[in-house]
């Protein structure tokens, strides 16, 4: 298992290198530069800016400089948010996104898994149709619709909760964004759990368990639940990486200082270093989460073992 | 017996009481101002700012320059208590207040201005707006690194009580750029100690009415009253929180929920609703901004033909754009320079006084003369940067040109790509806008001067250039006004571009806030406002 983990981590390095290199050059190919905007800058000013950020050097030189700094853990200065380095921006924003995303995934699991199981056990009943109908609605309605409605109803009309703002992560400020983030995940997880559970319940080992005379409760808890979780787990890896790196929509609508909006704004502003920083960060997270998922697999399914 | 409605009502009430403690205490007027600004500032160092209005909003509270603005946007003495200009207009001498202090108690001296201006022009600072100071002697050469920083025409006299500026040439609008953040003093003693880390919260000192205390990127900047500010006794607020609010609709909700006292620049499509539901809070006023279409005058473009440019101008019903398409959140424009610019009367195009029928008759004739007709329709590319507002206007304009047989191909792109295409001249007609840096017609007219980077259409007219060049060195303000008006007249007669609309300022302001005044510069330093009891 340890050898396997080490091997996977070693394999991640070339993957990340490719991701970084491709993103670096793709970013430069995009038309427009970090200093293009509504106003054309005088050439003197633009030269100073290019020199300050080493953009006057040949591209391969810039690449080497970037990689050199990256190896020392330095993501460089942000082109746009000049009082912060990219590292500072990520370190400041990530805990916010992590907290929001973590709570949302937690909530989604707590609600989504039981809903899926109930729907599977009461297959084709009214309960099943209701749960799946609601889940379909949750998937279909995008969060840029749900979030403003939540803010309007609970923030403005009822005035129970703040309509926006982070306020250092105070509980009332968390409620609406977490719900808005979780709704879609609840829907996905419930649907996936239902389908997987139905499949498991139809398999031979469940029939055997029933034939042994085990109670329905034991069949479900002891035998059906664990294998049914596998698809959900494999979905969760990338989903968690996605959700804890923030949602640009939720962050903008609730005015939250997470890192989600850096992905979009960095690209729109041609903030090269910020884009690269977020890409590297996200890449590392994806690799790690996928590894965790694979390790969890072996814990859940005895047929999967990583000995070599 | 169950009373579900009663029960849920009680739960709701309890929750409401528990979760909204801030609504309970209304006895004492608030001394904290929450402002929704339109973006995240790039830096608190004036030399590293990106030029956004949202940065000016913060700078004017944190820093005080030689000249500052009052609640009505009028220029009043700031750190300079008085000043005089030499007869040739080249030497400006500012006498500084004796009681001006940085927030750490250091006196604000002419040295800080000398340092601040050099800091702006130092090539290493890579200040985006350093060119605002180019009228100062040797400024451009210093900024390109050709001359040392010490060659800059600024000096500190009388132990730092007097700040003297030498200009490269007479600059009539020089006084107006002194409210721009590029001319702020910068605390040399702090920058020397901490280098480019001087704006970190633990180091920064400022000389304005407020000093910053915390900054969480994309969350808030907080500032508290600066007790060392020279006019601190007249500053009513204890604290300001600036919230970068990029999603303007979310900003409206936060304003309605009482979380924001001021929301800058609410979206125009919500104006009708806001006017109806929050009439006391919804503000709108004239503004120093022009929304126009650039016409590409480069050879080979159909818009290089003045007849085509005039016809395109004639066919546009600007009042339809402003009233029906934009619901009165813009004013129709018949000239480049907006109304309300000081010492200036905009020179509208002749077509302003023609009936629509006369205009269309003339436009058709012009198109025919230029060789366009049903067999040979005019095909144009129209570019705009992606936004609902620009799209609506472009569609309406294209429809207005259709009766002339003009076939429009519309292209939209994100803002960086759009402006790159403009710089490269890759368009026939393109959307552009200009918000003035200072209240002077020159700031608009220079957009049409030959060789200026922002003259995207490369329109060229020698008479115009001469008039503007002369105006730029004319110290007599009446004569200067005349020259600039003539210049604009020349440009409008040649239909150098298509003036479409004038921007207005749009703010939501808590009606309990006293001292707020709508003004043409849309600048509102927080030191002038307070909450009514």
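Quick note: the coordinates plus some simple rules give every number you see, no bench work behind them. No experiment lies behind these values; they were computed from the predicted model shown. Every residue, glycine among them, receives a Cβ derived from its backbone with ideal geometry; neighbour counts consider all protein chains shown.
Estimated translational diffusion coefficient (Stokes-Einstein, Kirkwood radius over Cα pairs, 10 °C, 1.306 mPa s) of segment A:113-235: 97 µm² per second.
If you take every DSSP beta bridge whose two residues both sit in chain B, what share of them, in percent to the nearest 5, is antiparallel? In chain B, approximately 75 percent of DSSP beta bridges are antiparallel ones. Put simply, the convex hull of the Cα atoms in segment B:239-291 casts, on average, a shadow of 4.7 nm². Report the per residue volume, in Å³, of the convex hull enclosing the C-alpha atoms of segment A:1-144. Convex hull volume per residue, Cα atoms: 215 Å³. Between the alpha-carbon centres of segment A:75-142 and segment B:289-343 there is a gap of 47 Å.
When you count the other C-beta atoms within 10 angstrom of each residue and take the mean per peptide, B:209-222, A:139-152, A:35-48 line up highest first as B:209-222, A:35-48, A:139-152. Comparing A:49, A:115, A:256 in a Gaussian network model of chain A (Cα springs below 10 Å), the most mobile by mean-square fluctuation is A:49. Taking all Cα pairs closer than 8 Å and separated by 6 or more residues, the relative contact order of chain B comes to 19 percent. Protection proxy ranking for B:109-116, B:480-487, using the average of other Cβ atoms within 10 Å per residue and placing the highest first: B:109-116, B:480-487. Out of every Cα pair in segment B:354-494, what percent are spaced more than 20 Å from each other? It works out to 61 percent of all Cα pairs. Across all Cα pairs in segment B:354-416, the calculated P(r) in 5 Å bins from zero up to the longest distance comes to 4, 17, 22, 20, 16, 12, 8, 2 percent per bin.
If you wrap the tightest convex hull around every Cα atom of segment A:72-116 and split its volume per residue, you get 94 Å³. With one equal scatterer per alpha carbon and no solvent term, the Debye-computed log10 I(q)/I(0) for chain B at 0.05, 0.07, 0.08 1/Å reads -0.24, -0.46, -0.59. Note on A:40-53: average number of Cβ atoms from other chains within 10 Å of each residue's Cβ is 6.
Above 18 Å, the calculated P(r) of segment B:127-170 contains 30 percent of its Cα-Cα pairs. Between segment B:461-531 and segment A:3-42, what is the separation of their alpha carbon centroids in Å? Taking the Cα centre of each part, segment B:461-531 and segment A:3-42 sit 43 Å apart.
Legend: translational diffusion of segment B:191-308 by Stokes-Einstein, Rh = Kirkwood radius over C-alpha pairs, 10 °C, 1.306 mPa s; D = 84 µm²/s. Can you give the FRET efficiency for residue B:376 and residue B:426, using 1/(1 + (r/R0)^6), R0 = 22 Å, r = Cβ-Cβ distance, to the nearest 0.05? Taking R0 as 22 Å, the efficiency between residue B:376 and residue B:426 is 0.40.
The listed peptides B:358-366, B:40-48, B:516-524, ordered by packing as a protection proxy, come out as B:40-48, B:516-524, B:358-366 (highest mean of other Cβ atoms within 10 Å first).
Spread over its residues, the convex hull of the C-alpha atoms of the protein assembly as shown is 217 Å³ per residue.
Peptide A:260-271 has a mean shielding of 2, counted as Cβ atoms of other protein chains within 10 Å of each residue's Cβ. Per residue of A:148-157, other chain Cβ atoms within 10 Å of the residue Cβ number 4 on average. P(r) tail for chain A: Cα pairs beyond 33 Å make up 41% of the total. What residue among A:208, A:87, A:273 has the largest mean-square fluctuation in a Gaussian network model of chain A, using Cα springs under 10 Å? Answer for the Gaussian network model of chain A: A:208.
Kirkwood radius, segment B:112-267, all distinct C-alpha pairs, inverse of mean reciprocal distance: 18.1 Å.
With neighbour counts taken as other beta-carbon atoms within 10 Å, the residues B:409, B:389 rank, fewest first, as B:409, B:389. Reducing segment B:251-267 and segment A:201-236 to their Cα centroids gives an inter-centroid distance of 53 Å.
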